[in-house]
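What follows is one structure encoded as structure tokens, with my remarks underneath.
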Amino acid sequence: MSFSYEELAEIRHYIHQHPELSGQEYQTTAFLKERLEELGIHILESGLKTGLIAEIGSDQPVVALRADIDALPILEQTNLPYKSQNPGVMHACGHDFHQTSLLGAAALLKEKEDQLEGTVRLIFQPAEEISEGASDVLATGLLEDVQGIIGFHNIPQLKAGQLALNAGAMMAGVEKFKVTVTGVSSHAARPDLGVDTVTAVTTMVQNLQLLISRTVSPFETAVLSITHLDVGSTWNVLPKSGYFEGTIRSFNPSVQRELKEHFVSIVRHIAKSLEVDVAFEWGVTPPVTFNDEELTKVVWEASQDLAEVLPANPSTAGEDFAFYQERIPGVFAFIGSNGEPDAPDLHHDHMTIDDAAFEVSVPYYVENSQALLRYFKAKEV
Ligand code: NI
């Protein structure tokens, strides 16, 4: 039994109507479990609270297909007949499309189970949006024997029928920082009796703008954005403390490491000279989504018959698929989803997906998992 593209569209619309936030994908998981059981697909004992891992085939080699399943805290503003029935929660990143694509692929792979030259493990991953799900899946230990992993994200900027990828960086390594600065409060009329936090915070924010321009090679790409300051509460008191937060992103793991070190060093030097204390908080964020060179060649070749394959423009967004790629060689592609002009990007309250994109996403999983199995099988000999 497999699904027609119309049936997959209906399944996606159902999931779209019932979005759940990261780590709370209980109904979604139950729904997927039921569909997989109907298909006779073996679900592994993972111990995951939400999300699930299943498998088709047997023996070595083992490759994994990954789709994410969580939604975002966004109030949907589309007029779709299947818009979110869970106000304030929306599949605005298209993970409804990703998981339905993997379900469609699972049905087709199950039909071919006898012909598979190894095992295809299916990862329906929770909590991508908070960058925790991939680590939770890795912690189950169920990917220890996986030799290659494949994932994708829909991209509104590409047309349905198009697929983009390249070896190396696909999506940025992300750092999320919050720096708390503590001085000594005083009357605004007597700054000499305190230690001025406002000046310290603004000096740090100003000087950090030199981070990219003075420490990153002109042949590399990186971005620093300080997005939020909070210091002081009234006009005649110098506050005791304040903070600023933001993000640093780049496409090269070593650049990303150096940027973080320089960032800390700049802030510490200013803190020392202005006699304030500083504390750093770093969020849980993904490293660079970095495609394996050899496996990218295999996927590039095997995708020629199912899509118009283009070189990718890397994205400055982050993707927790990168955590798998730190441990397992992998390939992450962008699949065109025909964004509407009023919703030009992901995480938009008008975001829509063209269901025609299933005609690429489903075979992308099906054909490339088999291509990787054949690739690893040939290497065994
Ligand atoms: Ni996403």
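Taking L21, is it within 16 Å of the ligand (Cβ to nearest atom) and open to solvent by 20 Å² or more (accessible area, probe 1.4 Å)? Yes: the conditions hold for L21.
Could you tell me whether E113 is open to solvent by 10 Å² or more (accessible area, probe 1.4 Å) and within 16 Å of the ligand (Cβ to nearest atom)?
It is false that E113 is open to solvent by 10 Å² or more (accessible area, probe 1.4 Å) and within 16 Å of the ligand (Cβ to nearest atom).
Looking at A164, is it over 26 Å from L310 (Cα atoms) and either in contact (Cβ under 8 Å) with a residue 60 or more places away in the chain or more than 16 Å from the ligand (Cβ to nearest atom) (or both)? Spell out how you get there, then give the answer.
Numbers: over 26 Å from L310 (Cα atoms): no; either in contact (Cβ under 8 Å) with a residue 60 or more places away in the chain or more than 16 Å from the ligand (Cβ to nearest atom) (or both): yes.
When the stated conditions are applied, A164 does not pass them.
Taking residues in the range 338-360 that are under 30 Å from L108 (Cβ atoms), and partners anywhere that are open to solvent by 70 Å² or more (accessible area, probe 1.4 Å), the pairs with Cβ atoms closer than 6 Å and at least 6 places apart or on different chains are N338/K159; T352/E340; F358/Y5.
Of the residues making up the range 189-202, just one is exposed (fewer than 15 other Cβ atoms within 10 Å of the Cβ), assigned to a loop (DSSP other than H, G, I, E, B) and not charged (D, E, K, R), namely A189.
Can you go through A134, A106 and tell me which one is within 16 Å of the ligand (Cβ to nearest atom) and open to solvent by less than 10 Å² (accessible area, probe 1.4 Å)? Break it down stepwise before answering.
On the way: A106 fails: within 16 Å of the ligand (Cβ to nearest atom).
Just a single option satisfies the conditions, and that option is A134.
Got a sec? Which of E76, E45, E38, E55 is surrounded by fewer than 16 Cβ atoms within 10 Å (Cβ to Cβ), within 24 Å of D320 (Cβ to Cβ) and not β-branched (V, I, T)?
Working: E76 fails: surrounded by fewer than 16 Cβ atoms within 10 Å (Cβ to Cβ); E38 fails: within 24 Å of D320 (Cβ to Cβ); E55 fails: surrounded by fewer than 16 Cβ atoms within 10 Å (Cβ to Cβ).
E45 is the lone residue from the list that is surrounded by fewer than 16 Cβ atoms within 10 Å (Cβ to Cβ), within 24 Å of D320 (Cβ to Cβ) and not β-branched (V, I, T).
State whether one or more residues within the range 361-380 are within 15 Å of the ligand (Cβ to nearest atom) and either in a strand (DSSP E or B) or not acidic (D, E) (or both).
Here is the first cut: in the range 361-380, the residues within 15 Å of the ligand (Cβ to nearest atom) are 361.
Okay, now just the ones that are also either in a strand (DSSP E or B) or not acidic (D, E) (or both), so 361.
Checked the range 361-380: at least one residue is within 15 Å of the ligand (Cβ to nearest atom) and either in a strand (DSSP E or B) or not acidic (D, E) (or both).
Filtered by the rule that a residue be touching a helix residue (DSSP H, G or I) at 6+ places or on another chain (Cβ under 6 Å), open to solvent by less than 40 Å² (accessible area, probe 1.4 Å) and more than 16 Å from the ligand (Cβ to nearest atom), the range 79-102 gives a lone residue, Y82.
Counting only residues that are hydrophobic (A, V, I, L, M, F, W, C) and open to solvent by less than 70 Å² (accessible area, probe 1.4 Å), give me the strands (runs of 3 or more DSSP E) lying completely in the range 257-342 with at least 1 of them. Reasoning before the result, please.
Working: elements: 277-282, 289-291, 308-310, 330-336.
By residue number, 277-282, 308-310, 330-336.
Condition test on G141, is it buried (at least 24 other Cβ atoms within 10 Å of the Cβ), away from the ligand (no atom under 16 Å from the Cβ) and over 21 Å from Y14 (Cα atoms)? No, not satisfied.
Taking the conditions exactly as written (at negative phi and without any contact (Cβ under 8 Å) to a residue 40 or more places away in the chain), does A378 satisfy them or not? Walk me through how you get there before you give the answer.
Working: at negative phi: yes; without any contact (Cβ under 8 Å) to a residue 40 or more places away in the chain: yes.
It is true that A378 is at negative phi and without any contact (Cβ under 8 Å) to a residue 40 or more places away in the chain.
Step by step: first the residues of the range 203-226, then only those that are among the polar types (S, T, N, Q) and closer than 17 Å to K272 by Cβ, then the one that is surrounded by the most Cβ atoms within 10 Å (Cβ to Cβ). Which residue is that?
Going through the range 203-226, the residues among the polar types (S, T, N, Q) turn out to be 203, 206-207, 209, 213, 215, 217, 221, 225.
Right, trim to closer than 17 Å to K272 by Cβ and you get 203, 206-207.
Details: T203: 18, Q206: 11, N207: 13.
The selected residue is T203.
From the list L122, L108, the one residue that fits, being part of a strand (DSSP E or B), farther than 30 Å from K260 by Cβ, of a type outside the set (K, R) and at pLDDT 95 or above, is L122.
Looking only at the range 209-243, count how many residues are in contact with a strand residue (DSSP E or B) (Cβ under 8 Å, 6 or more places away or on another chain), under 21 Å from A317 (Cα atoms) and of a type outside the set (D, E, K, R). Let's see the steps before the verdict.
Start the filter on the range 209-243 by keeping residues that are in contact with a strand residue (DSSP E or B) (Cβ under 8 Å, 6 or more places away or on another chain), which leaves 209, 211-212, 216, 220-232, 236-243.
Checking which are under 21 Å from A317 (Cα atoms) leaves us with 209, 211-212, 216, 220-228.
Retained after the next criterion (residues that are of a type outside the set (D, E, K, R)): 209, 211-212, 216, 221-228.
Summing the residues that are in contact with a strand residue (DSSP E or B) (Cβ under 8 Å, 6 or more places away or on another chain), under 21 Å from A317 (Cα atoms) and of a type outside the set (D, E, K, R) in the range 209-243 gives 12.
Each residue in the range 106-138 was checked for being of a type in the set (G, A, S) and closer than 24 Å to A317 by Cβ, and 5 pass. Screening E319 on (1) free of Cβ contacts under 8 Å to residues at least 60 places away in the same chain; (2) of a type in the set (D, E); (3) within 15 Å of the ligand (Cβ to nearest atom) shows it passes everything except condition (1). Kindly evaluate Y365 against the criterion of being open to solvent by less than 10 Å² (accessible area, probe 1.4 Å) and among the aromatic types (F, W, Y). Taking the combined requirement at face value, the residue satisfies it.
The values are calculated or read from the model by the stated rules, or taken from the named source; none is laboratory data. The shown structure was predicted, so the numbers you read here are calculated from the model rather than taken from an experiment. We place every Cβ from the backbone using ideal geometry, glycine too, and count neighbours over all the protein chains shown. Just the protein is used for accessible areas: all its heavy atoms, side chains included, with ligands, DNA and RNA removed. Shrake-Rupley method; radii C 1.70, N 1.55, O 1.52, S 1.80 Å.
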